Amino acid sequence: MPRSVSYDALAGFSRAVLLSAGANTESADAATWAMMHASAHGVDTHGIRLLPWYADCLRSGLAKGHPEIRVEQKRRAAVCVDADGGMGHLAMYRAMDEACALARDCGIGMALVVNSTHFGAAGAYTLAAAQAGFIGMVTANSGAFVVPHGGFKPIHGTSPYSVSAPNPGGEPFLLDMATSSIPWNKVLRYRTEGLELPQGVAVDTSGAFVTDPHQAVALAPAGGKDYGYKGAAIAGVAEVLGGVLTGMRLSREQDGLALADSRMGHFVMAIDPTLLMPLEAFGLRLEDYFDGFKAQPGTYAAGGPEWEHRRRREAEGIPLPDGLHAELKAAAEKAGVDFLA
């Protein structure tokens, strides 16, 4: 049975490992917040399991531990945030803060992030916007791991797409999805935990669908074997906004194996609902939307399963399966910090 660890204990451990690996306090805090967001909401592929890899990226120099984040005003409602090759989390939180400040003034705000690296779960940043009273949107391309529909050579990344909306009277709307059938990190997790992949989500070198995670070399787009053209189209949006518009590398130009290419681009946007109505009125209409799902037990609006995970994990702790427990213990030894248990 998986061990369970409290949020605070796991967060403290994460900060200690990242600081030991060379991150400054701001970078360690931002990466920890993003990972803990994912772990708390059940998005385990982007949660604390990424800690050993982030620490190795810092030690190897793939990501700077002390980046100098720079913000350049482009237009009244647009800025560019230069991540300076640091871990993407710090630049993304800064970008969303900037976008929200612009939206407060203009009704809508946009931030482009350049010279960045992997930023974890996109929902961490859109939820931060929702909690501040804004609709948040984030997308980005990433190293090519996803074949085009019917193809065999990767063109797109798992390229996330996230939108969150504020709800003063309850839980926000929270969409956070990969544009691939599953995240590549799930393949890695299934390898670690000895699990079999679902049908129709991953392919081998010939483009044939496989369920053995060790045979998988690429992913199918969201929609899988029959409807993957839909996921591929959404991944194209991430490519246009995250790669083309930012002037950074396309997915197939990135180092997909390292997963920490330092010329990655991200797109961030915030909308102020009070441009059109009071925030409370927006929240009431959002609750009206949620009521349609509550009337059909077992169905969820985007974010519903995540909020259930969060409530349970706040009460019971965050589970650490044996494989992950062993990886974190090894990371503690490498970092020279005390392990959790």
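Just so you know, all these numbers are worked out from the coordinates, no wet-lab data involved. Not measured: the values here are computed from a predicted model. As a convention, Cβ positions derive from the backbone with ideal geometry for all residues, glycine included, and neighbour counts pool all protein chains shown.
Per-residue ellipticity at 222 nm from helix content only, as computed over the chain with -39500 (n - 2.57) for each DSSP H run of at least four residues, stands at -13000 deg cm²/dmol. Give me the base-10 log of I(q)/I(0) for segment 125-200 at each q in 0.21, 0.23 Å⁻¹, Debye formula, one uniform scatterer per Cα, rounded to two decimals. Calculated log10 I(q)/I(0) at the listed q: -0.91, -0.97. Rounded to the nearest Hz, the phi-derived 3J(HN,Hα) couplings of segment 193-203 under the Karplus curve 6.51 cos²θ - 1.76 cosθ + 1.60 (θ = phi - 60°) are 9, x, 9, 9, 6, x, 5, x, 10, 9, 10, where x marks glycine and proline.
Both radii were evaluated on the Cα set of the chain; the Rg over Rh quotient, with Rh as the Kirkwood radius, amounts to 0.95. Annotation: amide H-H contacts under 5 Å for Val203 (H modelled 1.01 Å from N, sequence separation of 5 or more, or interchain): Val210, Val217, Ala218, Leu219, Ala220. Could you work out how much longer the chain between Arg312 and Leu279 gets when fully extended? Use 0.36 nm per residue separation minus the Cα distance between them, nm to one decimal. Stretched out fully, the Arg312 to Leu279 stretch lengthens by 9.0 nm. Between Lys329 and Glu72, the simple spin-label model (points 7 angstrom out along Cα→Cβ) gives 4.9 nm.
What the Cβ-Cβ distance of Lys153 and Thr299 gives, at R0 = 25 Å and to the nearest 0.05, is a FRET efficiency of 0.10.
Amide H contacts for Leu320 (H built 1.01 Å from N in the peptide plane; partners 5 or more residues away or on another chain; cut-off under 5 Å): Arg3, Ser4, Val5. An oblate overall shape is assigned to segment 33-136, the ratio a/c of its alpha-carbon gyration tensor axes (a ≥ b ≥ c) being 1.5 or greater and a/b not exceeding b/c.
log₁₀ I(q)/I(0) of segment 65-110 at q = 0.17, 0.29 Å⁻¹, via Debye over equal Cα point scatterers, no solvent, to two decimals? The Cα Debye sum returns log10 ratios of -0.45, -0.98.
Evaluated at q = 0.21 Å⁻¹, the base-10 log of the normalised Debye intensity for segment 194-341, with identical point scatterers placed on the Cα atoms, takes the values -1.22.
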